[in-house]
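Here's the structure we're looking at; comments come further down.
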Amino acid sequence: MSARIVPACPPAIERAARLLRAGKLVAFPTETVYGLGADATDERAVAAIFAAKGRPRFNPLILHVPGLAEAEPLAVFDTRARALAAHFWPGPLSLVLPRRADSGLSLLAGAGLDTVAIRAPAHPVAQALLRGAGRPIAAPSANRSGRVSPTEAGHVVAELGDQVALILDGGRTPVGLESTVLDLTGATPALLRPGGVTLEELAAVLGPIAAAPTGPPRSPGLLASHYAPSLPLRLEATDARPGEALLAFGPDAPSGFAEVLWLSYKGDLAEAAANLFAMLRRLDRAPFTGIAVAPIPEHGLGRAINDRLRRAATPRPVR
Ligand code: TXA
Ligand code: MG
C-alpha cells in the first residue's frame, strides 16, 4: 500500500489542485477534520468519494468554497445566510440552502436533494487548495463511512490508504470536530449537527434557534450510530470497570482504569474537542475491554462533543 502523503507545502498544494481538476480524490486538512475532496461539478469524481468511503448514496456531501463570493452562484442566500457567512466564514459553519438550478453541481453530491450544504473552511491549506482548484469541492470527512473522523494525516492513511490520489499533511486539525450544520431552508433556522460553531455563538447572531428536530433525520447523515470505535464506549463514567481505559475531563479522574488519557486536564472544552477523535483511536485496541468517558458539560463545544460520543456509544446495526 503506497498512500501518497506529502507535507502541505505550496508546490504540493498546486499538485493537489491539479489532481482535483483532473477528477481525482485528494485528502486535505480543514480546521475541523481532514476532508476527502473531489470536484463537486464532476459526477464521476463525486461517485468515487461515495465508493472510497463506502458511504450510502442518500447521504449528501458538504461543498467547500473559499468564501461567500464563490458560494453565491451555487445556492440562494437570504439575509440570514449572508449575515451568518459574514460573521462565521471562513470557519466551521455549514449552511443548508436552496440549490441554484444553474449551479452546475453534481446531483449525486447533493444526494438528489434540492438543497446544498456549503461552507468556507478557515484552514490556510484548505483555502489555498480551493483557490487553486477554482471550483467547488465536495468533501466529507476522510474516513470510512460510520467511523471516527480523521484529525491527523496518518488517520486518513489508516482509513482510506491508497484510495486517495494524494494526502496533504497539514498536521493536527485545530478544532477537531466537524462543522456545525444549520438548515436555513425553513422559516426558522434548525440546527442539524452541533459542531465547531456553538449554539450560543449562533444565537448571538440569529436569536433563539430550534433544537434538533425529532423524528426521521433531516440531515441524512445523522444516523444514530456513527463515529464508532471497535470497543464499547461507556459515557458519564464516574467509576472504573475491569480492563477499561478512561478519557478523563478535569483533574479529578476516578482511579482503577487500565489507562487514562486526559481530553483536557484543566477542563477546557476546546482542548477536549481537539483531542477527542485522536484519543478515541488511541484507546480503541487490546488489551482494553472498553472505553469509558468522564461526564462532559452540555454547553458550548460540549454539546458537539456529547453528540459525537452518544453516536459513538450507539451499537451499530448488524449488517
Ligand atoms: O467539518 C466538516 O463539515 C467536515 C470537513 C471535511 O469540512 N466535513 C464533514 O462532512 O463532516 P460529512 O460528509 O462527514 O458530513 C456532512 C453532513 C452529513 O451529516 C450530511 O447529511 C449533512 O452534512 N448534509 C450535507 N448536505 C446536506 C443537505 N443538503 N441537507 C441536510 N444535511 C446535509
Ligand atoms: Mg463524516
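The values are calculated or read from the model by the stated rules, or taken from the named source; none is laboratory data. No experiment lies behind these values; they were computed from the predicted model shown. Heads up, the Cβs are rebuilt from the backbone with ideal geometry, glycines too, and the neighbour counts pull from every protein chain shown. Note: accessible area is taken over every heavy atom of the protein model, side chains too, but ligands, DNA and RNA are not part of it. Shrake-Rupley method; radii C 1.70, N 1.55, O 1.52, S 1.80 Å.
So with the 1.4 Å probe, I'd like the accessible area per residue for the chain, rounded to whole Å².
41
Accessible area ranking (1.4 Å probe, heavy atoms, ligands and nucleic acids excluded), largest first, for Phe50, Phe257, Phe58: Phe58, Phe257, Phe50.
Using a/c under 1.5 as the rounded threshold, could you call the stretch 241-286 rounded, prolate or oblate? The axes a ≥ b ≥ c are square roots of the C-alpha gyration tensor eigenvalues, and prolate needs a/b larger than b/c, oblate otherwise.
oblate
Considering only Val181, Ala109, Ala122, and ranking their Cα positions along the charge dipole of the stretch 87-203 that arises from unit charges at the beta-carbon of Lys, Arg, Asp and Glu, the one farthest toward the positive end is Ala109. Across the chain, C-alpha contacts under 8 Å between residues 6 or more apart give a mean separation that, scaled by the residue count, equals a relative contact order of 20 percent. Taking the C-alpha atoms only, the angle from helix 79-88 to the longest principal axis of the chain is near 60 degrees.
Report summary: the helix-based calculation at 222 nm, which adds -39500 (n - 2.57) for every DSSP H run with n ≥ 4 and divides by the residues of the chain, gives -8500 deg cm²/dmol. So how tilted is helix 43-53 from the main axis of the chain? Cα-based, degrees 0 to 90, rounded to 10. So the helix axis and the longest Cα principal axis differ by about 10 degrees.
In this Cβ point-charge picture (+1 for Lys and Arg, -1 for Asp and Glu), the chain has a dipole of about 840 debye about its Cα centre. When peptides 36-43, 84-91 are ranked by their average number of other Cβ atoms within 10 Å per residue, the highest-first order is 36-43, 84-91. Relative to the longest principal axis of the Cα atoms of the chain, helix 301-313 runs at roughly 70 degrees. For the chain, what % of the accessible area comes from carbon and sulfur atoms, probe 1.4 Å? Accessible surface attributable to carbon and sulfur in the chain totals 56 percent.
Across the stretch 120-217, the mean sequence separation of Cα contacts (distance under 8 Å, 6 or more residues apart), normalised by length, yields a relative contact order of 16 percent.
As a length-normalised measure over Cα pairs under 8 Å and 6 or more apart, the relative contact order of the stretch 3-58 settles at 21 percent.
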